[in-house]
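The values are calculated or read from the model by the stated rules, or taken from the named source; none is laboratory data. A quick note: this is a predicted structure, and the numbers were derived from the prediction, not measured. Glycine also receives a Cβ, built like all others from the backbone with ideal geometry; neighbour counts cover every protein chain displayed. Accessible surface is based on the protein model in full, side chains and every heavy atom, while ligands, DNA and RNA are left aside. Shrake-Rupley method; radii C 1.70, N 1.55, O 1.52, S 1.80 Å.
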Amino acid sequence: MLGRQLADIVTNDLRNSGLFTPLSPGQLRPITFPEVTAPGFDYWGSTGAQALVQGFIRANGDGNLTVGCYLYDVSSKAELTRTGFVVPPSDWRRAGHKCADMVYTRLTGEGAYFDSRVVYVSETGPKGRRIKRLAIMDQDGANHRFLTNGQSIVLTPRFAPNQQSIVYMSYLNNRPAIYVYDIGSGKQRLVVANANLTFAPRFSPDGRNILFSMAQGGNTDVYRVSSQGGTPQRLTNSPGIDTGGSYSPDGSKIVFESDRSGGQQIYVMNADGSNQQRISFGGGRYATPVWSPRGDLIAFTKLGGGFRIGIMSPSGGGEKLLTNDWQDEGPSWSPNGRVINFYRSGRGSGGKADLWSVDLTGVNERKIPTPLDGSDPAWGPLRP
């Protein structure tokens with residue numbers, strides 16, 4: 001039974017990537033344990049399959065599980081790669097994701113991304129009085145749990161690089177402040193408390209600093225503060241609103257949005273705030289820029305005739321819109337930089353928000369299951 005469930009995880013991960021068309025288990029005959037390492041290639045060839053994934057799951061005497069996973073080329077009748085894990089029963093789903101990652105990386109040449117998690121804002125209640133809680137789940141929606149109780153509004157959660165904590169904005173006691181939540185202990189600590197509005201926090205790639213925006217004296221700028229707290233350092237100082245900072249993967253540059261030119265546009269600067277340059281010139285307005293973990297692209301929300309998710313190069317070239325709905329916003333990259341999570345809001349006062357993903361082709365778009373409405377997803381790194 002558990003073996004079938006594990007196979008379903010591998011099947012769903014590969015199908016959801018949009019790059020594979022797995023055969024339905026109902027179309028296939030069952031296999032015996034010896035066949036896992038010695039497939040009947042003539043049979044599999046008759047099914048039309050090009051690649052074959054087989055495996056096993058076995059209970060050990062110490063209570064752990066051993067999971068084996070094998071990938072074969074059907075036409076050449078050869079093993080391409082294999083992997084195996086010894087996991088506690090609580091991590092059996094992760095073994096399935098790791099198996100799917102092995103298949104995905106071997107057949108596509110791209111980095112893995114299935115064994116990862118998403119943190120987001122879970123929403124319920126009327127649109128004008130939403131209860132907003134931090135929630136965390138596997139990238140496929142499984143293992144869902146709430147992290148906060150909804151007594152105070154939470155916004156813009158983002159993982160730390162080590163995935164042990166989450167930085168976010170909260171209106172605790174009706175005062176906006178930036179907190180770090182420790183996933184293991186459930187404790188939160190205050191990082192930035194200010195009488196002014198502070199928002200849009202995000203860790204640096206090394207986890208040592210947190211970027212955030214702060215409104216002060218009618219002006220909003222991007223600041224940096226140690227992840228342990230302390231005195232913030234201002235990185236921008238133009239008139240208007242500068243916000244939404246996101247580091248490049250190597251930590252040397254920051255992409256942010258600014259309305260200094262008259263409307264929201266995307267700018268890039270060095271990590272110390274120097275050499276600020278506009279990179280978006282495609283017409284309309286741009287918001288929520290975030291750098292790809294591969295460093296090759298920047299995702300953004302395009303405003304004008306609706307909200308759409310788009311991508312461009314760090315120099316501003318090659319702009320491409322990936323979605324075409326009424327209100328899509330808040331992009332967040334998969335660990336391999338090939339898929340983007342975002343949230344989609346419905347029309348009208350009763351419009352609910354849901355989490356979605358889209359790949360870089362813009363063709364493979366799917367809804368991500370959540371128990372309640374969801375917004376502001378942040379995709380974490382690949383789990384160790």
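If the condition is being among the charged types (D, E, K, R) and open to solvent by less than 20 Å² (accessible area, probe 1.4 Å), then the stretch 218-256 contributes Asp221, Asp242. Evaluate the following for Met214: is it under 17 Å from Ser170 (Cβ atoms), surrounded by 13 or more Cβ atoms within 10 Å (Cβ to Cβ) and either among the acidic types (Asp, Glu) or more than 23 Å from the chain's Cα centre (by Cα) (or both)? Taking the combined requirement at face value, the residue satisfies it.
Out of Tyr179, Tyr120, Tyr171, one residue alone is assigned to a strand (DSSP E or B), touching a Phe, Trp or Tyr at 6+ places or on another chain (Cβ under 9 Å) and without any contact (Cβ under 8 Å) to a residue 24 or more places away in the chain. It is Tyr179. Here Val74 passes the criteria (1) surrounded by 12 or more Cβ atoms within 10 Å (Cβ to Cβ); (2) within 30 Å of Trp379 (Cα to Cα) except the one numbered (2).
Rundown of residues vs (1) polar (S, T, N, Q); (2) more than 18 Å from Glu365 (Cβ to Cβ), yes/no style:
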position: Pro293; (1), (2): no, yes
position: Ile298; (1), (2): no, yes
position: Leu303; (1), (2): no, yes
position: Arg308; (1), (2): no, no
position: Ser315; (1), (2): yes, yes
position: Gly318; (1), (2): no, yes
position: Leu321; (1), (2): no, no
position: Asn324; (1), (2): yes, no
position: Gly330; (1), (2): no, no
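In the stretch 192-224, the qualifying residues are those that are in a strand (DSSP E or B) and of a type in the set (Lys, Arg), and the one that is nearest to Pro239 (Cα to Cα) is Arg224. Residue count for the stretch 29-47 under the criterion of being touching a residue at least 12 places away in the same chain (Cβ under 8 Å) and open to solvent by 50 Å² or more (accessible area, probe 1.4 Å): the result is 5. Anything in the stretch 166-218 that is in contact with a strand residue (DSSP E or B) (Cβ under 7 Å, 6 or more places away or on another chain) and among the aromatic types (Phe, Trp, Tyr)? List them, or say none. The answer is Tyr168, Tyr179, Tyr181, Phe199, Phe203, Phe212.
Within the stretch 283-299, the residues that satisfy the criterion of being more than 15 Å from Asp259 (Cα to Cα) and not basic (Lys, Arg) are Val290, Trp291, Ser292, Pro293, Gly295, Asp296, Leu297, Ile298, Ala299. Taking the stretch 93-123 as the search range and keeping residues that are touching a helix residue (DSSP H, G or I) at 6+ places or on another chain (Cβ under 9 Å) and small (Gly, Ala, Ser), which one is surrounded by the fewest Cβ atoms within 10 Å (Cβ to Cβ)? Filtering the stretch 93-123 for residues that are touching a helix residue (DSSP H, G or I) at 6+ places or on another chain (Cβ under 9 Å) and small (Gly, Ala, Ser), the one surrounded by the fewest Cβ atoms within 10 Å (Cβ to Cβ) comes out as Gly111.
Looking only at residues in the stretch 354-384 that are of a type in the set (Ser, Thr, Tyr) and not in a strand (DSSP E or B), the one that is nearest to His144 (Cα to Cα) is Thr370.
From the set of residues in the stretch 164-208 that are in contact with an Asp or Glu (Cβ under 8 Å, 6 or more places away or on another chain) and within 22 Å of Ser375 (Cα to Cα), which is most open to solvent (accessible area, probe 1.4 Å)? Per the criteria, the residue is Gln164. Applying the criterion of being farther than 30 Å from Val10 by Cβ and either outside any strand (DSSP E or B) or at pLDDT 95 or above (or both) to the residues of the stretch 140-155, the residue that is nearest to the chain's Cα centre (by Cα) is Thr148. Being open to solvent by less than 10 Å² (accessible area, probe 1.4 Å) and not hydroxyl-bearing (Ser, Thr, Tyr) holds for only one residue in Pro157, Pro161, Pro126, and it is Pro157.
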